[in-house]
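Enquirer: Have a look at this one.
Rule-based calculations on the coordinates, nothing more; no lab input. Just so it is clear, the structure is predicted and the values come from calculations on it, not from any experiment. Here Cβ is always computed from backbone atoms with ideal geometry, including for glycine, and neighbour counts include all displayed protein chains.
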Amino acid sequence: MPHLDALAETVRHALASGGPAAAETVEEAVAAYADAYSAHEPALMFRSVRDSRAAIGDALTHALTDTVATRLQDAAGWASALLANLAQHLGRDGDARTHLASAHLLAGTVGDCRLICNVRGLQAMLARDTGDLAAAIRLADDAYAHAASRADRVKAAAWARARTLAAMGDQTGADAALADARDAFDGDVPGRFGIDVAELLLHEAEVYLALGRVGAAQVAARASAATVATSRPAWAAARLTAAQAMAAAGDLANAGAVAEDVLDRHAPERIRATSRRRLAGIVAGGRLPDLAERVAALPALEA
């Protein structure tokens with residue numbers, strides 16, 4: 001993949017020329033961002049996607065054929081969805097909601113069900129994180145209703161529905177949603193808007209942890225981590241979820257050791273806000289003071 005600055009520059013140059021070729025270049029660039037999402041620290045990716053999204057928005061203010069305008073609106077929607085993901089990983093949930101509102105509006109305008117599915121999934125997660133479970137399950141169900149592929153169905157069932165039902169304490173419903181996700185899973189689909197076995201196993205671990213099934217959570221989280229390279233944010237997330245389950249089971253020594261290992265292997269700027277919340281959960285209540293000191297010393301994430 002080109003350097004992020006070069007990719008944003010490619011988008012700007014393509015849009016200056018206009019026409020169908022420009023739309024194709026922009027679509028390819030947005031797809032490249034999604035494919036390389038985890039390869040760069042969130043702040044660097046956010047700045048590049050933001051610049052490209054702004055360029056697309058500017059282009060849409062000019063006279064365009066209907067076909068080109070529709071393609072650019074769709075690309076703008078996907079870029080907004082990426083910005084929402086990145087904002088969440090930078091700990092800026094309010095900004096994430098704003099970008100998701102834009103993405104949902106554009107998805108509805110062009111009729112992109114796949115984009116709607118992904119937007120609703122992240123909106124469900126954000127609602128769940130604030131404790132608004134009524135909104136979360138409504139959004140999760142809407143994500144599922146708009147699943148346009150097997151990969152989308154897996155994500156909507158596991159990430160949106162199963163995790164929300166687990167947060168609601170509905171063990172039967174959560175288990176059924178996980179079974180649905182496993183049944184729909186048909187192999188890894190790369191990229192931010194795809195799904196792989198590591199992510200599916202991580203969602204299983206999160207479901208089990210929410211339901212208090214800490215043994216099963218550890219098994220699923222370890223299996224998730226075993227499928228990815230230690231350099232990936234997905235590995236950190238899986239290992240820290242395993243550590244959360246260990247801490248919940250009272251195994252603080254091993255929970256602390258796993259968390260310390262993650263901090264040793266990953267630069268602070270690559271430790272996402274979601275993983276930082278996992279770390280905060282491990283040290284909550286005054287547990288593991290040495291680890292708590294390292295967590296508190298993590299520099300703020302900046303865009």
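Enquirer: Say the dipole of the chain comes from +1 at the beta carbon of Lys and Arg and -1 at that of Asp and Glu; which of 57, 254, 235 then lies farthest toward its positive end?
Expert: Farthest along the dipole direction, towards plus: 254.
Enquirer: Shifting gears a bit: Note the angle between two axes, namely the Cα long axis of helix 93-110 and the longest principal axis of the Cα atoms of the chain, as a number of degrees from 0 to 90, rounded to the nearest 10.
Expert: Here the helix axis deviates by roughly 40 degrees.
Enquirer: Now a separate question. Based on the Cα atoms of segment 196-303, what semi-axes does the equivalent ellipsoid have, where each is the square root of 5 times one gyration tensor eigenvalue, given in whole Å with the largest first?
Expert: Numbers: eigenvalues 80, 60, 24 Å².
Square roots of five times the eigenvalues give 20, 17, 11 Å.
Enquirer: Something else: So what is the relative contact order of the chain, in percent, for Cα pairs below 8 Å that sit 6 or more residues apart?
Expert: Values: 472 pairs, mean separation 40.9, N = 303.
Reported as a whole number, the value is 14 percent.
Enquirer: If neighbour count is taken as other Cβ atoms inside 10 Å, put 208, 37 in order from fewest to most. Numbers along the way, then the final one.
Expert: Values: 208 25, 37 21.
Result, fewest neighbours first: 37, 208.
Enquirer: Please list, in chain and number order, the residues 5+ apart from residue 195 or on another chain whose amide H is under 5 Å from its amide H, with Hs placed from the backbone.
Expert: Answer set, sorted by chain and number: 189.
Enquirer: Among 36, 46, 68, whose Cα sits farthest toward the positive end of the charge dipole of segment 20-91 (+1 at Cβ of Lys/Arg, -1 at Cβ of Asp/Glu, about the Cα centre)?
Expert: Of 36, 46, 68, it is 46.
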